[in-house]
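Trainee: To start, I am sharing the structure in question, which I have written as structure tokens.
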Amino acid sequence: MPETILVVEDEPALRDTLSYNLKKDGFAVESVGDGRAALESARKLKPDLIILDIMLPELDGFEVARILRRETTTPILMLTARDDEIDRVVGLEVGADDYLTKPFSMRELMARVKAQLRRTRLLQEELARQHKTTQHATLVFDNLVINLTRREVTLDGKPVQLKPKEYELLEFFAQHKGQMLSREFILERVWGWDFIGDSRTVDVHVRWLRQKIEADAAHPTRIVTVRGGGYRFEG
């Protein structure tokens with residue numbers, strides 16, 4: 001059964017071009033042109049991936065991503081018309097998994113789409129393996145508890161709300177406690193070797209994680225920066 005992609009783009013010519021090329025590559029595609037229709041279609045269709053433009057009528061792409069991220073872990077690839085770092089940072093902050101600046105080549109778009117879908121499949125397979133081997137696998141670091149099976153984190157017994165990528169990064173750190181991990185290695189293992197981005201993505205997510213699990217994010221003791229190297233998780 002083909003994987004399903006929801007295309008959210010208000011420019012008809014680009015929407016049709018994206019839909020045509022994705023269908024030609026074997027994907028099932030649904031396309032809409034505004035933010036409210038995007039929410040309705042995502043909830044009804046439950047797609048495997050969402051391509052989401054930022055500039056949309058009704059609701060912009062940031063708001064759509066923010067709402068969807070509370071409801072689903074479906075990967076979101078955001079499209080922006082500006083090569084502006086603030087767009088990229090805000091996009092990541094509201095829960096996008098990747099971004100692409102217009103104009104872009106169809107080849108690059110397809111590469112990113114396939115990379116996200118491949119990552120999702122590998123993650124699902126890994127979760128299935130973990131579920132078979134244990135029902136309640138947990139990692140405990142004093143007052144920080146990571147439930148690997150349920151993908152839940154608690155601090156002092158209270159739930160910690162993490163975005164999907166924040167959780168995956170924390171789990172990766174926890175499974176490599178005490179090891180110095182370079183930004184490039186983290187990027188490859190958590191985002192995937194074919195992720196098209198740079199190491200600043202790691203720094204942004206580490207900063208968000210510290211704000212949620214450190215007693216003092218300005219002076220972290222759990223996720224420590226290794227000067228000239230990367231990061232080390234101390235637990």
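Trainee: Between Thr221 and Asn21, what FRET efficiency comes out of the Förster formula 1/(1 + (r/R0)^6) with R0 = 41 Å and r the beta carbon distance, rounded to 0.05?
Mentor: Efficiency at R0 = 41 Å is approximately 0.25.
Trainee: Ignoring everything except DSSP H segments at least 4 long, calculate the 222 nm mean residue ellipticity for the chain; use -39,500 (n - 2.57) per segment, divide by total residues, nearest 500.
Mentor: -13500 deg cm²/dmol, from helical runs alone.
Trainee: Exposure proxy check: Arg118, Arg189 ranked by fewest other beta carbons within 10 Å?
Mentor: Fewest-to-most Cβ neighbours within 10 Å comes out as Arg118, Arg189.
Trainee: Give me the Debye-computed log₁₀ of I(q)/I(0) at q = 0.11, 0.12, 0.17, 0.22 Å⁻¹ for region 139-219, equal point scatterers on Cα only, no solvent, two decimals.
Mentor: Values returned for q = 0.11, 0.12, 0.17, 0.22 Å⁻¹ are -0.29, -0.34, -0.69, -1.13.
Trainee: Go ahead and run the numbers for FRET between Arg43 and Arg151, Cβ-Cβ distance against an R0 of 22 Å, rounding to 0.05.
Mentor: FRET efficiency, Arg43 to Arg151: 0.55.
Trainee: Two decimals is fine: what is log10 I(q)/I(0) at q = 0.15, 0.21, 0.23 Å⁻¹ for region 4-124, from a Debye sum with one equal scatterer on every Cα and no solvent?
Mentor: -0.59, -1.27, -1.58
Trainee: A further question on this structure: Can you tell me, using C-alpha contacts under 8 Å and at least 6 residues apart, the relative contact order of the chain as a whole percent?
Mentor: Relative contact order here is 12 percent.
Trainee: May I ask you to order 26-37, 146-157, 58-69 by the average number of other C-beta atoms within 10 Å around their residues, highest value first?
Mentor: Per-residue mean Cβ counts within 10 Å order the peptides as 58-69, 26-37, 146-157.
Trainee: OK, next. Taking the Cα centre of the chain as the origin, how large is its charge dipole in debye, to the nearest 20, when only Lys and Arg (+1) and Asp and Glu (-1) carry charge on their Cβ atoms?
Mentor: About 800 debye.
Trainee: Taking only the C-alpha atoms, wrap a convex hull around the chain and report its volume per residue in Å³ as a whole number.
Mentor: Residue-normalised Cα hull volume stands at 135 Å³.
Trainee: I've got another one for you. Find the relative contact order for region 4-124 and round it to a whole percent, using C-alpha pairs within less than 8 Å whose residues are 6+ positions apart.
Mentor: 22
Trainee: A further question follows. Which of Thr73, Thr225 comes first, and how do the rest follow, when ranked by fewest Cβ neighbours within 10 Å?
Mentor: Thr225, Thr73
Trainee: If you don't mind, another one. Could you work out the relative contact order of region 134-233? I mean the mean sequence separation of Cα pairs under 8 Å and 6+ apart, divided by the number of residues, in percent.
Mentor: 24
Trainee: From largest to smallest, what semi-axes in whole angstrom does region 1-47 give when each is the square root of 5 times an eigenvalue of its alpha carbon gyration tensor?
Mentor: Gyration-tensor ellipsoid for region 1-47: 17, 15, 4 Å.
Here, each number is a calculation from the coordinates, and none is a lab measurement. On a predicted model such as this, the values are computed, not experimentally measured, just so you know. With ideal geometry, Cβ positions are generated from the backbone for all residues, glycine too; neighbour counts draw on all protein chains shown.
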